[in-house]
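J.: Here it is, the structure, as C-alpha coordinates.
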Amino acid sequence: MVKSFKTGNRAVYITAEMGSGKTLMGIAAAVLLKERSRKLVMCPPHLVKQWIKEIKETVPAAKVV
(Lines give C-alpha, C1' and ligand atoms only; values in the text may rest on other atoms or scores of the structure.)
Protein backbone atom coordinates (compact mmCIF):
# COMPACT_ATOMS: atom_id res chain seq x y z
CA MET A 1 0.00 0.00 0.00
CA VAL A 2 2.74 2.45 0.96
CA LYS A 3 4.77 1.56 -2.12
CA SER A 4 1.71 2.13 -4.31
CA PHE A 5 1.11 5.60 -2.87
CA LYS A 6 4.79 6.52 -3.14
CA THR A 7 4.81 5.60 -6.84
CA GLY A 8 2.02 8.11 -7.52
CA ASN A 9 -1.26 6.26 -7.09
CA ARG A 10 -3.93 8.44 -5.51
CA ALA A 11 -6.13 5.60 -4.24
CA VAL A 12 -5.46 2.14 -2.89
CA TYR A 13 -8.03 -0.39 -1.69
CA ILE A 14 -7.53 -2.94 1.06
CA THR A 15 -9.84 -5.90 0.70
CA ALA A 16 -9.72 -8.92 2.97
CA GLU A 17 -11.78 -11.02 5.35
CA MET A 18 -13.01 -9.73 8.72
CA GLY A 19 -10.34 -9.98 11.38
CA SER A 20 -7.43 -9.95 8.95
CA GLY A 21 -6.02 -6.62 10.14
CA LYS A 22 -7.24 -4.14 7.53
CA THR A 23 -7.59 -1.39 10.14
CA LEU A 24 -4.05 -1.96 11.40
CA MET A 25 -2.74 -1.97 7.81
CA GLY A 26 -4.39 1.39 7.17
CA ILE A 27 -2.97 2.87 10.36
CA ALA A 28 0.52 1.58 9.57
CA ALA A 29 0.38 2.95 6.03
CA ALA A 30 -0.70 6.38 7.30
CA VAL A 31 2.18 6.46 9.78
CA LEU A 32 4.75 5.28 7.22
CA LEU A 33 3.71 7.73 4.51
CA LYS A 34 4.41 10.95 6.38
CA GLU A 35 5.12 11.83 9.98
CA ARG A 36 3.08 14.49 11.76
CA SER A 37 0.46 15.07 9.10
CA ARG A 38 -3.32 14.95 9.28
CA LYS A 39 -5.20 11.89 8.14
CA LEU A 40 -8.92 11.57 7.50
CA VAL A 41 -10.46 8.16 8.10
CA MET A 42 -13.71 7.49 6.29
CA CYS A 43 -15.38 4.43 7.74
CA PRO A 44 -18.88 3.24 8.59
CA PRO A 45 -20.26 4.75 11.82
CA HIS A 46 -20.16 1.41 13.65
CA LEU A 47 -16.37 1.20 13.16
CA VAL A 48 -15.41 4.66 14.48
CA LYS A 49 -14.77 3.45 18.05
CA GLN A 50 -12.69 0.54 16.72
CA TRP A 51 -10.53 2.90 14.65
CA ILE A 52 -10.01 5.25 17.61
CA LYS A 53 -9.07 2.35 19.89
CA GLU A 54 -6.65 0.79 17.42
CA ILE A 55 -5.00 4.12 16.54
CA LYS A 56 -4.39 4.86 20.22
CA GLU A 57 -2.96 1.36 20.77
CA THR A 58 -0.74 1.48 17.67
CA VAL A 59 0.43 5.10 17.77
CA PRO A 60 0.24 6.31 21.39
CA ALA A 61 1.39 9.84 20.48
CA ALA A 62 -1.39 10.26 17.91
CA LYS A 63 -4.11 12.82 18.50
CA VAL A 64 -7.48 11.27 17.62
CA VAL A 65 -10.47 13.58 17.20
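J.: Scan the stretch 47-60 and tell me whether some residue there is surrounded by 11 or more Cβ atoms within 10 Å (Cβ to Cβ), in a helix (DSSP H, G or I) and in contact with an Asp or Glu (Cβ under 7 Å, 6 or more places away or on another chain).
T.: no
J.: Answer yes or no as to whether residue 39 is open to solvent by 60 Å² or more (accessible area, probe 1.4 Å), at pLDDT 85 or above and within 21 Å of residue 62 (Cβ to Cβ).
T.: Numbers: open to solvent by 60 Å² or more (accessible area, probe 1.4 Å): yes; at pLDDT 85 or above: no; within 21 Å of residue 62 (Cβ to Cβ): yes.
No: the conditions fail for residue 39.
J.: Mind checking whether some residue in the stretch 13-23 is surrounded by 10 or more Cβ atoms within 10 Å (Cβ to Cβ) and acidic (Asp, Glu)? Lay out the reasoning, then the answer.
T.: Applying the first criterion (surrounded by 10 or more Cβ atoms within 10 Å (Cβ to Cβ)) to the stretch 13-23 yields 14, 20-23.
Then keep just the ones that are acidic (Asp, Glu); that gives none.
No, because not a single residue in the stretch 13-23 is surrounded by 10 or more Cβ atoms within 10 Å (Cβ to Cβ) and acidic (Asp, Glu).
J.: Further question: Kindly establish whether residue 65 is open to solvent by 100 Å² or more (accessible area, probe 1.4 Å) and hydrophobic (A, V, I, L, M, F, W, C). Full working, then the answer.
T.: On the way: open to solvent by 100 Å² or more (accessible area, probe 1.4 Å): yes; hydrophobic (A, V, I, L, M, F, W, C): yes.
Criteria met by residue 65.
J.: If you don't mind, there's one more thing I want to ask. Would you mind stating whether residue 64 is at negative phi and in a loop (DSSP other than H, G, I, E, B)?
T.: Details: at negative phi: yes; in a loop (DSSP other than H, G, I, E, B): yes.
Yes.
The values are calculated or read from the model by the stated rules, or taken from the named source; none is laboratory data. Since the model is a prediction, treat every value here as computed from it, not as a measurement. No Cβ is skipped: glycine too gets one built from the backbone with ideal geometry, and neighbour counts run over all protein chains shown. Just the protein is used for accessible areas: all its heavy atoms, side chains included, with ligands, DNA and RNA removed. Shrake-Rupley method; radii C 1.70, N 1.55, O 1.52, S 1.80 Å.
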